[in-house]
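Below: one structure, written as structure tokens.
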Amino acid sequence: LAGQSGLRLMQALIAEEVEQRAGRRYEHQAGREVHRWGREDGYVVWSGKKVPLERPRLRDRQGREVALERYRRFQDDGARQRDVARRVLAGVSTRQYERVLDDLCDGYGISKSAVRRQWRAASAAALQGLCERLLGELDLVVLMLDGIRLGDVVLVVGLGVDAQGRKHVLGLWQGDTENATVVGEMLDDLIRRGLRVDQKYLFVLDGSKALAKGVRAKFGAAMLLQRCLVHKRRNVLDHLPPRHQRRWAWRLKAAWNMKDYAAAKKELEDIARELSQINPSAAASLEEGLEDTLTLHRSPQASRPRRPGPAGSRAR
């Protein structure tokens, strides 16, 4: 999202220079020295690499090409531009962003207020496009839903995986907690945008009861629920002293790596029994939702050899 917003920011600033030099489109101005002359394929350097970007063209009264200063500077892979890109893509907070703008302004000769205004518009447009795009043509088979807390706000994030193993960000929804209202609105939004309720999906969720209840209510039998193993392992280990966590982490990982459902379940039950002798809270955390951690093990495909995915795919 930050990367796409950065490109839109560049486009907006280049368009602003065109308007400053050639006036508004379709607006007559007496004595105009420069006029528009179409567009052509070009590029800018963003985050250390060349990225295609359509370039507006200008000509003067004698028919000579007029160079765009901002476009030229955006093609320069200078240390300052790379530093700005690195900070933007790393998620610089809004409180610290003014310092980044100072660097950008010094490098490109653009007013700080203009950059701030264009960045807000570009990021808002990119976020709106991300959260409103239709999903009917994505051929999704896996949906991963998780809540992330940022200060006093919880963002429920949706990630989809299609049949070819490609990942797609489905959107994010804001609330104060992962409550039933936020979850219901999120699922209604996904359905409105093309997610079919009669198709079987694998939902990968954390331990949120609101998420699980909402998914079951909307999709019923046409869903499989898999608990996220990263969340489950983290929840169990949080009850243990640091010196013991590595040992139990390896045992949990080994159990979930087993392909046979019965063998994996027996090993997890043995682990829970042993944990109950030294830390009943850790054992209770493992036993809660244990069956949901083995959904993929119960699948008929689990014991069959995996077919190789497309080149470069890392789908699981």
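Every number in this text was worked out from the coordinates using simple rules, so none of it is lab data. The model shown is predicted, which means the values in this text are computed figures rather than measured ones. Every residue, glycine as well, gets a Cβ built from its backbone with ideal geometry; the counts of neighbours run over all protein chains shown.
Here are some notes:
- For segment 128-274, the convex hull spanned by the alpha carbon atoms encloses 142 Å³ per residue.
- Extension gain from Arg57 to Gln174, taking 0.36 nm per residue of separation minus the Cα-Cα distance: 38.0 nm
- Computed over segment 135-209, relative contact order equals 36 percent, with contacts defined as Cα pairs under 8 Å that lie 6+ residues apart.
- Taking 18 Å as the limit for the C-alpha separation, the pairs Lys209/Lys232; Lys213/Lys265; Lys232/Lys253 exceed it in the case of Lys213/Lys265.
- Coil-residue trypsin sites (Lys or Arg not before Pro) of segment 1-46, DSSP, other Cβ within 10 Å capped at 11: Arg24, Arg25
- Across segment 15-30, rounded Karplus estimates of 3J(HN,Hα) from the backbone phi angles (6.51 cos²θ - 1.76 cosθ + 1.60, θ = phi - 60°) give 4, 5, 5, 4, 5, 5, 8, 10, x, 6, 4, 6, 10, 6, 9, 5 Hz, Gly and Pro being marked x.
- Extension gain from Gln29 to Glu288, taking 0.36 nm per residue of separation minus the Cα-Cα distance: 86.0 nm
- Using C-alpha pairs below 8 Å separated by at least 6 residues, the relative contact order for segment 1-62 is 29 percent.
- Packing-based ranking of 211-221, 181-191 yields 181-191, 211-221, ordered from highest to lowest mean Cβ neighbour count within 10 Å.
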